[in-house]
Structures are given as C-alpha cells and as structure tokens.
Amino acid sequence: MESYTLKSIGKSTDYMTITRETEEGYAVRIVRDKDGYNEITNDFISKALFESCLRTGYIEKIANPEEIAIGA
C-alpha cells in the first residue's frame, strides 16, 4: 500500500493510503489529525484527480510509509 501526505493548514499531519486500485481509480483511507485525535475516512478518488493532485503538490508520496500507523 502506498501512502501520501496531504497538504493541510497548520502543523497537521494528514495522510492518505491507497487500499485498493480499480480501473477507474483508487479506494483510499484518509487520516486527518483533528486536535489530537484521528478522523478516519474511507473514500474513492478517480485516477485523473489523483494524478492532478500529484502534479499540483496537494499530495506527496511518503518515502517510508512504515513511519505512519495505518488506520491509527
């Protein structure tokens, strides 16, 4: 599973992990830091939107995904 940081406001450490790939896009788990607790959302992102987010820098691949606790 690949993980990506999400551009966010402040010092928040939000990230997204791809849980499954389909022909149309990706099933993802998004973890957002909400004042000390994690808000976890499962969602879908199209391949076109995913590529656009990579190009614009809204998401960046995490080099060592072992450093984050998936689904913490």
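Just so it is clear, none of the values below were taken in a lab; they were calculated from the coordinates. This is a predicted model, so every value here is computed, not measured. Here the Cβ positions follow ideal geometry from the backbone for every residue, glycine too, while neighbour counts run over all protein chains shown.
Charge tally around Gly25: other residues with Cβ under 11 Å, Lys/Arg +1 each, Asp/Glu -1 each, net -3. Taking the stretch 2-62, how much of its Cα-Cα pair set, in percent, is spaced more than 12 angstrom apart? Pairs farther apart than 12 Å: 67 percent.
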